[in-house]
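Here's the structure we're looking at; comments come further down.
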């Protein structure tokens, strides 16, 4: 694999092989990466509720947003507004840009910017953006600056994307096949998460990893 440089990235943008909406600005283009800006939407998980049994903790998987939408508070900011990230608070942010990787010989890797980490924001990123991906990205964020409140603004550059060229291009069918099923996020328009296949999860929960390997072996 080879990593795209600034001139190669801009050429792919000109050719519509890479699409950013809204369009990138000069601050975002790095020698061999693209900085992404923070969007206006945040999801804050609720960790407790009150019901007939009393005040109880909500026990859920943090990546099951679609199934537990009512257990998240959604904050949609307007231009000029800020978001105070409270001490030890965990939230989910979204990218300002919608990304399309139309070149079937490209994939990308997402990293936090060091300047974001130095502020005490743990941006739990180091993920793959698949060939053919279309959509916004999500950012799990946690304030690890002790007792300090960290004020963040939509539009801040918070992470960067490195684009890598595959040795061989994929077909659309190959790019969309993740394990046994279609890609979970691309083209869905959702800014939440989706769980892995139910069959896989249930077998793991039941301690049947060996059975899973036998049934779904290559």
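The values are calculated or read from the model by the stated rules, or taken from the named source; none is laboratory data. The shown structure was predicted, so the numbers you read here are calculated from the model rather than taken from an experiment. Quick reminder, even Gly has a Cβ in these numbers, built from the backbone with ideal geometry, and neighbours come from all protein chains shown.
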*Matching residues, the stretch 27-37, being outside any loop (DSSP other than H, G, I, E, B) and either farther than 9 Å from residue 161 by Cα or free of Cβ contacts under 8 Å to residues at least 24 places away in the same chain (or both)*: 29, 30, 37
*Would you check if residue 24 is at pLDDT below 95, outside any strand (DSSP E or B) and buried (at least 17 other Cβ atoms within 10 Å of the Cβ)?*
yes
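Inside the stretch 101-114, can you point out the residues that are surrounded by fewer than 18 Cβ atoms within 10 Å (Cβ to Cβ) and within 21 Å of residue 22 (Cβ to Cβ)? Explain how you work it out, then say what you get.
Taking the stretch 101-114 and keeping what is surrounded by fewer than 18 Cβ atoms within 10 Å (Cβ to Cβ), we get 102, 104-105, 109, 111, 114.
The answer is 102, and nothing else.
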*Taking the stated definitions as given, is residue 12 at pLDDT 90 or above, surrounded by 11 or more Cβ atoms within 10 Å (Cβ to Cβ), assigned to a helix (DSSP H, G or I) and on the phi < 0 side of the Ramachandran plot?*
yes
_Residue under evaluation residue 123, criteria (1) within 23 Å of residue 17 (Cα to Cα); (2) in contact with a helix residue (DSSP H, G or I) (Cβ under 7 Å, 6 or more places away or on another chain), criterion not met_ = (1)
_Residue list for the stretch 27-62, restricted to those being surrounded by 12 or more Cβ atoms within 10 Å (Cβ to Cβ), in contact with a helix residue (DSSP H, G or I) (Cβ under 7 Å, 6 or more places away or on another chain) and more than 21 Å from residue 95 (Cα to Cα)_ = 46, 60
*Residues of the stretch 143-160 satisfying the condition of being over 16 Å from residue 82 (Cα atoms) and in contact with a strand residue (DSSP E or B) (Cβ under 7 Å, 6 or more places away or on another chain)*: 144, 159, 160
*Among 111, 139, 193, 163, which is the only one that is at pLDDT below 75 and touching a strand residue (DSSP E or B) at 6+ places or on another chain (Cβ under 8 Å)?*
193
